[in-house]
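See structure below.
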Amino acid sequence: MAKKNIFAQRRKTDLQAEAWFDRSNDNIPFEAFADEEEKTQTGEEMLTVIRRKLKEQRSFRRWRNVAAAAVILVTASVFSYRAYLASPPINGMAQAWKSYAANKGEFKKILLPDSSVVHLRPGSKIAIAQPFIQQTRQLKLEIGEVYFEVSHDPVHPFLVSTGPITTEVLGTKFIINNDALSADIHVALLSGKVAVRSQKAQLGILLPNHQLSFNRNTEAVKLENSNAYSSENWLNGEYILEDVPLKSFAKTFGNAFSMEVRFRQEALEKLKVSIQFNRYDNFKTILDQLKLIHGLQYEIKDKEVILMR
């Protein structure tokens with residue numbers, strides 16, 4: 001209703017203006033003001049209105065430019081931040097890694113981009129730098145026992161980080177055992193030459209058939225001869241456990257045969273045992289060795305073994 005009244009009033013005004021215009025004589029100069037004073041006053045009012053409008057427009061343009069600049073700045077910042085997130089790491093500050101794990105009963109073989117080969121025993125887990133070949137070739141052995149056959153490349157050293165120590169090679173065959181239940185990390189060399197270091201110092205240079213043991217707790221280092229493993233017997237699934245806690249044996253045995261090992265008496269977990277077996281052995285034969293050598297008894301329920309005395 002209000003809108004109709006507005007349009008009606010506007011139409012009435014338009015008709016009055018048209019009637020007045022029709023009555024005027026085009027040959028006589030049009031004079032809209034009663035006198036000069038009215039003309040001057042009206043001119044000043046119009047000038048004031050024009051100046052105000054110009055000021056408002058300049059102010060609007062200025063704020064519009066500021067707003068546009070702000071939008072450009074925010075947009076540029078967003079795109080710069082997205083570009084930063086998508087950009088590759090600088091100097092390895094945010095190195096990407098790809099993880100591989102061997103499940104219980106699984107012996108996994110991984111071929112690396114440089115043709116090196118990594119063999120994971122059950123329960124082992126590694127992480128490989130992405131991309132792999134940079135200034136170096138980097139891996140992390142997070143847990144378990146792994147056998148490396150490294151392609152020779154003197155330009156790109158092959159680095160394996162295992163907790164607090166790093167093993168560096170150019171091309172060789174070696175084994176690292178990072179048993180989470182053992183105080184020691186073992187590096188055994190089968191051929192070639194490797195250097196082992198910690199964050200503090202170089203721990204030793206290994207020659208074939210030598211092993212380095214690093215104690216996580218005391219940081220003590222032991223170098224010794226070791227020809228326990230050959231490439232063939234390791235790859236064929238030979239396990240040689242020397243003076244390890246029974247809990248460590250239980251983990252290794254369980255991973256190899258896809259079983260769970262539990263203890264009737266908790267004190268048995270720390271019992272030191274030495275034993276050798278193959279993944280193709282009958283698991284009952286291995287348990288019988290424990291029974292014969294260490295006086296242990298066992299019960300088997302489906303895929304669970306209970307050790308006791």
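The values are calculated or read from the model by the stated rules, or taken from the named source; none is laboratory data. Just so you know, these numbers come straight off a predicted model, no measurement behind them. Don't worry about glycine lacking a Cβ; one is built from the backbone with ideal geometry, like all the others, and counts go over all protein chains shown. Each accessible area value is taken on the protein alone, full model and side chains, heavy atoms only, with ligands, DNA and RNA left out. Shrake-Rupley method; radii C 1.70, N 1.55, O 1.52, S 1.80 Å.
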Filter the range 279-305 down to the residues that are within 20 Å of D243 (Cβ to Cβ) and outside any helix (DSSP H, G or I), then identify the one that is farthest from the chain's Cα centre (by Cα). G295
Residue within the range 215-225 that is hydrophobic (A, V, I, L, M, F, W, C), modelled with pLDDT of 95 or more and surrounded by 20 or more Cβ atoms within 10 Å (Cβ to Cβ) present: no
Considering only the range 287-307, I want to know if a residue exists there that is under 26 Å from Q211 (Cα atoms), open to solvent by less than 90 Å² (accessible area, probe 1.4 Å), at pLDDT 95 or above and among the polar types (S, T, N, Q). no
Against the definition (aromatic (F, W, Y), open to solvent by less than 40 Å² (accessible area, probe 1.4 Å) and either on the phi < 0 side of the Ramachandran plot or in contact with a His (Cβ under 7 Å, 6 or more places away or on another chain) (or both)), how does F283 come out, yes or no? no
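Quick grid of which residues meet (1) modelled with pLDDT of 95 or more; (2) part of a strand (DSSP E or B); (3) open to solvent by 60 Å² or more (accessible area, probe 1.4 Å):
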{"residue": "A68", "(1), (2), (3)": "no, no, no"}
{"residue": "P89", "(1), (2), (3)": "no, no, yes"}
{"residue": "S99", "(1), (2), (3)": "yes, yes, yes"}
{"residue": "L159", "(1), (2), (3)": "yes, yes, no"}
Please tell me if K251 is modelled with pLDDT of 95 or more, crowded, with 17+ Cβ neighbours inside 10 Å and charged (D, E, K, R). yes
Flagged in the range 264-280 as in contact with a helix residue (DSSP H, G or I) (Cβ under 6 Å, 6 or more places away or on another chain) and open to solvent by 20 Å² or more (accessible area, probe 1.4 Å), in numbering order, are E269, L271, R279
Of everything in the range 258-309, what is under 16 Å from K104 (Cβ atoms) and among the charged types (D, E, K, R)? Give them in sequence order. E260, R262, R279, D302, K303, E304
Within the range 260-309, work out how many residues are in contact (Cβ under 8 Å) with a residue 60 or more places away in the chain and closer than 24 Å to L120 by Cα. 1
Would you mind telling me which numbered condition in (1) more than 29 Å from the chain's Cα centre (by Cα); (2) closer than 30 Å to E299 by Cβ; (3) surrounded by 15 or more Cβ atoms within 10 Å (Cβ to Cβ) I240 fails? (3)
Restricting attention to the range 101-114, report how many residues are closer than 17 Å to L235 by Cβ and either at pLDDT below 95 or not hydrophobic (A, V, I, L, M, F, W, C) (or both). 4
Index of the failed condition, K173 passing every other in (1) open to solvent by 30 Å² or more (accessible area, probe 1.4 Å); (2) charged (D, E, K, R); (3) out of contact with any Phe, Trp or Tyr (no Cβ under 8 Å at 6 or more places or on another chain): (3)
Candidate set: the range 131-157, residues that are β-branched (V, I, T) and assigned to a loop (DSSP other than H, G, I, E, B); chosen: the one least open to solvent (accessible area, probe 1.4 Å): V150
Hey, among the residues in the range 161-179 that are touching a Ser or Thr at 6+ places or on another chain (Cβ under 7 Å) and assigned to a loop (DSSP other than H, G, I, E, B), which one's farthest from P122 (Cα to Cα)? G171
